[in-house]
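**Student:** I'd like to ask you about the structure that follows.
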Amino acid sequence: MFTDAPLSSEDPSNPIFDSNPRVQILSIKKVTPGGPNPVERHRVIISDGVHFVQGMLAAQLNSLVLDGLAVKNSVVNLTKWAVNTLTTQQQNKRLLIVLAMEVVGVTEKIGSPENLDLKASEGAAGVASPTTPAVPAEQKVFKVEVPQASSAPRQQPKPAGRPPGSTVVVFPIESLSPYQNKWTIKARVIQKSDIKHYSNQRGEGKLFSVTLMDESAEIKATGFNTVVDELYDKFEEGKVYEISRGKVQIAKRKYSNVNNDYELNFERGTEVREVTDVAEMPAIKYSFIELKALDQQTKDSTVDVLVIVKQIGDLTQVTSKATQKAIPKRDLTVVDRSTYSCRLTLWGKQAENFNEPNQPVIAFKGLRVGDFGGRTLSMSGSSTMTVNPDMEEAHKLRGWFDQEGGAANFQSHSSAGASAGSATISRTEMKTFQDVKDEGLGTEERQDFFTTRATITHIKPDNLAYPACPTPNCNKKVIESGYENWRCEKCDKSYPKPEYRYIMSIAAADYTTQAWLQGFNDVGIAVFGMKADEMFELKDASQDDFEAAVKKGVGKSFLFSIKAKTDTYNDTTRVRYGVMRLAPLDWKEECHSLLETLHSPYAQ
């Protein structure tokens, strides 16, 4: 297979790219890239019996390896593939990207192949017509293809605006790397952000981003300043484009939840051409989870959900601490077949323009998980939503809600003590209060999280709760403006009485030292075993009974999940410890934990 003509994806006239060569896999090695959502890949060495090259299997072929179908010395037909050239100071290395293949069988190593890249560095590299190794004919063939891909030979479509007769080789997104200078991708825009303005030490600027997807992977692309004026109006969500001449760089995970180690930067020379022939381009891919499973997701992780919008909140505004600008915000209450509900927040123009009547079904992709008052969801810059999508799961959800779900009782992860009293707390983050102070958790500009086992030693009885708006998911403080008249400025409504919510300051101690903790409504319900309304009724009836109820909370032990963060108030800076959730001690589990510690090799 590798003999006479250069093996390069930059040569579209090379007939090798329309062939289905039969080769042998000499080696398979698992590679797991870094990042918060790593995707397992498999690096391979591929031989034609004379030469061998390095290669990489696309992620959709992982099942072949995991199921034991593709193994060392497997003979395969490459039905869809591309080649990357990686340029180094010493030589040009080729990486063959396998997008689809047929496993023919397994045999002994064929020939004594030599390294093609080493031969190329000596001036003897090339490609010719494919050769076919001898493989027993009775071997079974397992065929695996990219979803929605054509089985016809690879021929690139002619996009709108391209001169007749011209051709271009399209790289799969999965094959892009910072070592490439020339590339073209064909991808669908699944998300397009608004134009955002920023200001830093170098001055002011603007940017926008799009999330691109082909059959191999997704990638984020960003344009800045003059590029915004050139390219922003060219992109439309859902359409397919050929894109070339941009910079491939390491992804900035802080600003993106797209599952790719790299991202694109659009430049002044970037070319964007709309493609009209999109038959082979896949639609958006989802990995839906039920709302019930949100408590198993870590804070700031990203999830896809398919939900019914049960209630639409009013449009409000919040002030950004960084820019001091008002940001539009709208809260939705969403539900699904797990009979759980959740607060989902829209921001910016999405919040302003959202007006979907009749409790629609919406598919959300890339929502960020929060833990304020339980589990919440919010859209970020890379999130997408599709209203009433035409998919089987959406039709089933619509039918269930119309027939029975509309009358169901939905449970919230933040309802009456559920998240505080029965939360799953990670023991891998266990620390003592002294460890926390020695390590300086929360003293940097970031927030830190830890878990500790401690006993409540004191509860401040003053300002134990505040009068809150009774509207679900509002919780803002209301102001008394007359007899049986409590005003909520956020909702712009008045109520005959408020709903009291705990806002606690408690001291807790372990065997090392003590710390002051702040907790909210769920924490108070777990500590006192009653709602704040009941506690205030008790206070109105008898001060002694109220004080006795407060003292009952002292001496109780819990597992605390705590957020440590620096806070400045009245020109005084200190670390505040906020209780995110807590759980009563399971003494049997605590004993097992202590036994594991005693038997660990570090317990000397």
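**Student:** Is there a residue in the stretch 281-288 that is closer than 19 Å to Lys186 by Cβ and not in a loop (DSSP other than H, G, I, E, B)?
**Tutor:** no
**Student:** If we only count strands (runs of 3 or more DSSP E) wholly inside the stretch 434-537, which ones have 3 or more residues that are in contact (Cβ under 8 Å) with a residue 24 or more places away in the chain?
**Tutor:** The qualifying strands (runs of 3 or more DSSP E) are 448-459, 465-468, 499-502, 504-509, 514-519.
Here's the yes/no breakdown for (1) touching a Leu at 6+ places or on another chain (Cβ under 9 Å); (2) at negative phi; (3) assigned to a loop (DSSP other than H, G, I, E, B); (4) of a type outside the set (Phe, Trp, Tyr):
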site	(1), (2), (3), (4)
Asp314	no, yes, no, yes
Gln317	no, yes, no, yes
Asn355	no, yes, yes, yes
Ala363	yes, yes, no, yes
Arg368	yes, yes, no, yes
Ala394	yes, yes, no, yes
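**Student:** For Asp304, are the conditions met, namely being touching a residue at least 24 places away in the same chain (Cβ under 8 Å) and assigned to a strand (DSSP E or B)?
**Tutor:** So Asp304 fits the description; yes.
**Student:** Of all residues in the stretch 574-604 being hydroxyl-bearing (Ser, Thr, Tyr) and surrounded by fewer than 10 Cβ atoms within 10 Å (Cβ to Cβ), which is modelled with the lowest pLDDT?
**Tutor:** Result: Tyr602.
**Student:** When you check Phe546 against the structure, is it modelled with pLDDT of 90 or more, within 31 Å of the chain's Cα centre (by Cα) and outside the structural domain of Arg330 (by TED's automatic domain parsing), yes or no?
**Tutor:** no
**Student:** From Thr319, Thr302, Thr339, Thr333, which residue is of a type in the set (S, T, N, Q) and under 16 Å from Arg368 (Cβ atoms)?
**Tutor:** Thr302
**Student:** Still on this model: With the structure loaded, tell me whether Val127 is modelled with pLDDT of 85 or more, in contact with a Phe, Trp or Tyr (Cβ under 6 Å, 6 or more places away or on another chain) and surrounded by 21 or more Cβ atoms within 10 Å (Cβ to Cβ) or whether it fails that test.
**Tutor:** When the stated conditions are applied, Val127 does not pass them.
**Student:** Then there is this: Report whether or not Ser47 is modelled with pLDDT under 85, surrounded by 14 or more Cβ atoms within 10 Å (Cβ to Cβ) and within 15 Å of Leu96 (Cβ to Cβ).
**Tutor:** no
**Student:** I'd like the full set of residues that are surrounded by 15 or more Cβ atoms within 10 Å (Cβ to Cβ) and without any contact (Cβ under 8 Å) to a residue 60 or more places away in the chain, limited to the stretch 339-355.
**Tutor:** Scanning the stretch 339-355 gives Leu344, Thr345, Leu346, Trp347, Gln350, Ala351, Phe354.
**Student:** Spot the failing condition for Thr513; the list is (1) modelled with pLDDT of 90 or more; (2) in contact with a strand residue (DSSP E or B) (Cβ under 6 Å, 6 or more places away or on another chain), and only one is missed.
**Tutor:** Every condition holds for Thr513 apart from (2).
**Student:** Considering only the stretch 427-470, how many residues are of a type outside the set (A, V, I, L, M), touching a strand residue (DSSP E or B) at 6+ places or on another chain (Cβ under 7 Å) and surrounded by 13 or more Cβ atoms within 10 Å (Cβ to Cβ)?
**Tutor:** Count: 19.
The values are calculated or read from the model by the stated rules, or taken from the named source; none is laboratory data. Everything quoted here is computed from the prediction, not taken from an experiment. For neighbour counting, all protein chains shown are included, and Cβ atoms are generated from backbone atoms with ideal geometry for every residue, glycine included.
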